[in-house]
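The values are calculated or read from the model by the stated rules, or taken from the named source; none is laboratory data. In this text, all values refer to a predicted model and were calculated from it rather than measured experimentally. Cβ atoms come from the backbone with ideal geometry, glycine included; neighbour counts cover every protein chain shown.
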Amino acid sequence: MFEREWAMKRPTMFSLCLLLPLLACKKAQPVQPEEFGPQIATSVIWERTSLDSVTVTALAVSGTNLYAGSNGGLIFLSTDGGASWRVLSPGVANFSVIALAVSGENIIAGGDIIVGPGLHRFDPAAAFSSDGGSTWADVDSGLGRDNTWVTSLAWVGDYVYAGLGGYYADGGVYMTRDNGAHWSELSPGSYEGAHFLAVGPKEAGSINLFVGISSGGVYRSTDNGTSWTAVNSGLANLQVRSLVASATDLLAGTDGGVFHSANNAFTWSSLNKGLTANQTIESLALSDGNSFGAPYYGGIFLLTAKDTSWRAVNNGLTNLNVRCLAVKGRTIFAGTAGGGVFRGTIQFQ
């Protein structure tokens, strides 16, 4: 076992992402962009929510519920867009919450063990609640190995996928069909970490499951994780730190900026104009044709469907150390290191 300070941890990771196929339809008459199509964002106006002075390492949105997980072992819930919060998680206070997945009243939280103020141990931890966070049960038996920790979670139907970061090639991807009572390893080989998971469109009736590996690029599975194929053509930096998908796009945040794929990761292209060269991308979010990226200690950048260059959108964002992002309609939320959660109102044309 090893202990380390959370702020100093920069592990390797897997990121998981699912993509669904586009629907075929009859030929329709063209419509004007203002009548139908992506909403083009112009800026973001930020304000601090009432959750302050906390390092927020995970965010999840489900309906009107906004969940925030902290590295201090607490999960917070807001039902009014961050105006007020309450603590959900006395049952998971022994581990740092790095990832959250929500499906209705069901919540799974994952992270690593807290052994003292600011100190964490390389052991995976997970807890499940079936009543919206009122009660919790540990569900980490069989999940991972020593020297690993849960870095991402994705809920897909009856399946929950977990990406585990780790050292000594012990990380990987795990899956449960019974809310964490039993876990099965699905790793695409022996890698140090699978940090991020994401879900998107199906293809030929099968889910495309993507895993971003901090030392091995991106892998894709079309059979729920039974087999994997490397999909790194054009991905010039294989240190994947974040991954996000929509019905048409897949973005990978790496130690060398952002890469984009419009064909289920068969090919990638660099998408870095406007970003500092070789900038690590901590988190990504997609919303109706608008891309949001959080470079390491760089605040938040926006790229729209009409743009060719990223631009900073940090008006009112007084903490630029952004750890995680979540989007709900015209609102974006940012979890920060020591500054809690900020709420951004997206401005459109």
Practice prompt. Tell me, yes or no, whether segment 307-326 has at least one residue that is part of a strand (DSSP E or B) and closer than 16 Å to GLY212 by Cβ.
Written response: yes
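Would you be able to say whether some residue in segment 259-266 is in contact (Cβ under 8 Å) with a residue 40 or more places away in the chain, among the aromatic types (Phe, Trp, Tyr) and not in a loop (DSSP other than H, G, I, E, B)?
no
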Item to complete: Please work out if SER291 is without any contact (Cβ under 8 Å) to a residue 60 or more places away in the chain, assigned to a loop (DSSP other than H, G, I, E, B) and closer than 15 Å to THR42 by Cα.
Response: no
Worksheet item: In segment 122-150, how many are assigned to a strand (DSSP E or B), over 18 Å from TYR174 (Cα atoms) and not small (Gly, Ala, Ser)?
Response: 0
Response to the item:
Selection from segment 217-251 of residues part of a strand (DSSP E or B) and touching a Gly at 6+ places or on another chain (Cβ under 6 Å) yields VAL218, VAL240, ARG241, SER242, LEU243, ALA245
Worksheet item: Does ALA334 satisfy the condition of being in contact with a Cys (Cβ under 8 Å, 6 or more places away or on another chain), in contact (Cβ under 8 Å) with a residue 60 or more places away in the chain and closer than 24 Å to GLN39 by Cα?
Response: yes
Discussion item. I'd like to know if segment 240-249 contains one or more residues that are within 18 Å of the chain's Cα centre (by Cα), at pLDDT below 95, closer than 25 Å to ALA99 by Cα and among the charged types (D, E, K, R).
Written reply: yes
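State all residues of segment 262-285 that are over 20 Å from GLY217 (Cα atoms) and crowded, with 19+ Cβ neighbours inside 10 Å; if no residue qualifies, say none.
LEU275 - this is the single residue of segment 262-285 that is over 20 Å from GLY217 (Cα atoms) and crowded, with 19+ Cβ neighbours inside 10 Å.
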Item to complete: State the number of residues belonging to segment 247-258 that are touching a residue at least 60 places away in the same chain (Cβ under 8 Å) and buried (at least 23 other Cβ atoms within 10 Å of the Cβ).
Response: 2
Practice prompt. Please verify whether segment 211-220 includes one or more residues that are touching a residue at least 60 places away in the same chain (Cβ under 8 Å) and surrounded by fewer than 19 Cβ atoms within 10 Å (Cβ to Cβ).
Written response: yes
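Quick grid of which residues meet (1) over 20 Å from the mean Cα position of the chain (by Cα); (2) of a type outside the set (Gly, Ala, Ser); (3) farther than 25 Å from GLY338 by Cα; (4) modelled with pLDDT of 90 or more:
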site: SER70; (1), (2), (3), (4): no, no, no, yes
site: GLY104; (1), (2), (3), (4): no, no, yes, yes
site: GLY144; (1), (2), (3), (4): no, no, yes, no
site: TYR161; (1), (2), (3), (4): no, yes, yes, yes
site: GLY166; (1), (2), (3), (4): no, no, no, no
site: ALA169; (1), (2), (3), (4): yes, no, yes, no
